[in-house]
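To start, the structure under review is shown below, and the notes come after it.
Derivation of every value follows stated rules applied to the coordinates shown; laboratory data play no part. The model shown is predicted, which means the values in this text are computed figures rather than measured ones. Here the Cβ is made from the backbone with ideal geometry for all residues, glycine too, and neighbour counts use every protein chain on show.
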Amino acid sequence: MKYADIQMNHKSQTQNMPLIAPSLLSANFLHLADECQMLNESEADWFHLDVMDGRFVPNISFGMNIIKQLRPTTEKVFDVHLMILEPGKYVQDFKDAGADILTVHYEACIHLHRNIQQIKSLGMQAGVAINPHTRVELLRDILPEIDVVCLMSVNPGFGGQSFIPQTLEKIRVLRRMINDLKISTKIEVDGGVTLDNAKEIIDAGSDILVAGNAVFKSADPKQTIHQLKFL
């Protein structure tokens, strides 16, 4: 897990500078190699890869085969977000495909602690995502085991949605919980992140910004990534 080990310590080295994780869900799949090259040349820290099954969310995206083909194109962190039911069945497959961080949904896991331990046993960092309606307080007992909490700031399943303002208070609550426990769990915000709201999200306590359309639909994606990073 050399890529994740390097990048997870990034914020301590560059205080108040967020990690930027462009979501390839918004990329041009006809020119995916070019999009990867652009990210490699940019100041993006992670590749955010959304996997959807059409069951947990009302959309289907891509799976481990695409991730495996993308893996040789970069040494940047592969932040794989599973929006699927029964994620435990596929943890080894995503490890084999090249995931550095594997995030499962709180709402999809009957035995969340077991899922987290399974991910970590294979040498990946473990993330837990929660939907907009899920209270962050529900993670309190498991929080010390989690490397990344992904707060969904839109309803999962589709790109291009607007940021849900109530997420800001969830970030603040989660930041207080992490600080109180004196743990290093990172807060990731996913959905509707733009140049207009990114600073407010970071000021609330987020460490990682997932940006899809804001990056890939911009006139100059590399410049947009730079602007997000140096708010």
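First check a/c for region 11-65, with a ≥ b ≥ c the square roots of the eigenvalues of its C-alpha gyration tensor; if it is under 1.5, answer rounded, and if not, answer prolate when a/b is larger than b/c or oblate otherwise.
Numbers: a/c = 3.33, a/b = 1.53, b/c = 2.18.
Verdict is oblate for region 11-65.
Each of HIS113, HIS48 was scored by other Cβ atoms within 10 Å of its Cβ. Arranged with the fewest first, they read HIS113, HIS48. Net charge dipole, the chain: roughly 340 debye, given to the nearest 20, about the Cα centre with Cβ charges of +1 for Lys and Arg and -1 for Asp and Glu. Extending 7 Å from the Cα toward the beta-carbon at both ASN213 and ASN155 defines two label points whose distance is 1.6 nm.
Tell me, VAL128, VAL149 in order of fewest to most beta-carbon neighbours within 10 Å?
VAL128, VAL149
Do any trypsin sites (Lys or Arg not before Pro) in region 103-179 lie in a DSSP loop with no more than 15 other beta carbon atoms within 10 Å, and if so, which? It would help to have the intermediate numbers written out before the result.
Numbers: sites: ARG114, LYS120, ARG135, ARG140, LYS170, ARG172, ARG175, ARG176; in loops: ARG135, ARG140.
Passing sites in region 103-179 are ARG135, ARG140.
Nearest-5 percent of antiparallel DSSP beta bridges in the chain?
Values: 1 of 33 bridges.
Beta bridges within the chain, antiparallel portion: roughly 5 percent.
Here's the picture: charge each Lys and Arg Cβ at +1 and each Asp and Glu Cβ at -1 in the chain, and of PRO18, ILE187, ILE164 the one pushed furthest to the positive end of that dipole is ILE187.
Multiplying the residue separation of GLU137 and LYS68 by 0.36 nm and removing their Cα-Cα distance gives an extension gain of 21.3 nm.
Of interest is the spacing of the C-alpha centroids, which for region 21-78 and region 116-132 amounts to 19 Å. Only helical runs count toward this figure. For the chain, summing -39,500 (n - 2.57) over DSSP H runs of n ≥ 4 and dividing by all residues gives -9500 deg cm²/dmol at 222 nm. Full extension of the segment from MET17 to ASN179, taken as 0.36 nm per residue of separation minus the current Cα-Cα distance, would add 56.5 nm. Taking a point 7 Å from the Cα of GLU41 along the Cα-to-Cβ direction, the residues of region 211-225 with backbone N closer than 12 Å to it are 221-223. Each of PHE47, PHE230, PHE62, PHE78 has some number of other Cβ atoms within 10 Å of its Cβ, and from fewest to most they run PHE230, PHE62, PHE78, PHE47. Between ARG55 and PHE29, the contour length at 0.36 nm per residue exceeds the Cα-Cα span by 7.1 nm.
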